[in-house]
Amino acid sequence: MRSRALVASGLAHGIVLVALFAVFPAQARMPQTLDVHLLSASATPQPAAPAPAPEPDKPSAQLTPEKTPNRPTDEVVKIPKTKNSEPPKPKTKEMENTTGSASVGAAGLSAEVGVDDANFEFTYYLIALRNKIGQNWSAPAGVSPNGQPARAVVYFHIGRDGKVSDAKVEESSGVAFFDQSALRAVLVSDPVPPLPLGYTNPTLGVHFAFEFSGP
């Protein structure tokens, strides 16, 4: 009986040991299986962090022409007008040794003759010159003095034989066709009387002033 008990006890212990060996390896593997399962369940992919948005470009320090300070595009620069918008007329040159102003031709016309040579003593010659040229001149139509006489001075040379040369408008009246009428009166009067015998220079410079004050 005792031997049977021993055998039975040994078998029981063997069975227990076999069971233990069978159970413990399985339990040892379970944590690994659970760990893998838990990690796979919890390892949900996190959304990637969004890339930082690029900073907006800073405005360039250089200003465009439309934004240039103190220069508004809508502003129009205006040039200030003078009180008298008409161009100033040239000052009348002081002529030496003149005949003085005298009426010639039609009403409102007058002329004055001066020369370059202050020692020219032949006044009669200048009067004859004034009369000849004056009778060949008439104020052009359309000239309106408006209270201010129109005056032009023509400069020219007279040779010993009375030939006229180098005629030009020396002082303008401000009215082109009035100046041209004065210049034409000198040119159509060529030749003028010869220079006086007592005058020894080869030429004489003459300033002939034409003036129109209206009828």
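Brief remarks follow.
- Unique match (being surrounded by 14 or more Cβ atoms within 10 Å (Cβ to Cβ), hydrophobic (A, V, I, L, M, F, W, C) and more than 15 Å from ARG184 (Cα to Cα)) among ALA139, ALA128: ALA128
- For ASN201, the conditions (1) in contact (Cβ under 8 Å) with a residue 60 or more places away in the chain; (2) touching a strand residue (DSSP E or B) at 6+ places or on another chain (Cβ under 8 Å) are fulfilled apart from (2).
- Residue in region 152-160 that is surrounded by fewer than 19 Cβ atoms within 10 Å (Cβ to Cβ), modelled with pLDDT of 95 or more and over 18 Å from THR98 (Cβ atoms) present: yes
- Positions within region 98-143 being under 10 Å from PHE210 (Cβ atoms) and in contact with an Asp or Glu (Cβ under 9 Å, 6 or more places away or on another chain), in sequence order: LEU109, SER110, ALA111, GLU112
- Residue match in region 160-172 (condition: touching a residue at least 40 places away in the same chain (Cβ under 8 Å) and touching a helix residue (DSSP H, G or I) at 6+ places or on another chain (Cβ under 8 Å)): yes
- Residue-level analysis places ASP116 outside the set of residues that are surrounded by fewer than 16 Cβ atoms within 10 Å (Cβ to Cβ), in the same structural domain as VAL192 (by TED's automatic domain parsing), among the acidic types (Asp, Glu) and modelled with pLDDT of 65 or more.
- Scan region 172-207 for residues that are acidic (Asp, Glu) and surrounded by fewer than 20 Cβ atoms within 10 Å (Cβ to Cβ) and the total you get is 1.
The values are calculated or read from the model by the stated rules, or taken from the named source; none is laboratory data. Since the model is a prediction, treat every value here as computed from it, not as a measurement. Please note: Cβ atoms are built from the backbone with ideal geometry, for glycine as well, and neighbour counts cover all protein chains shown.
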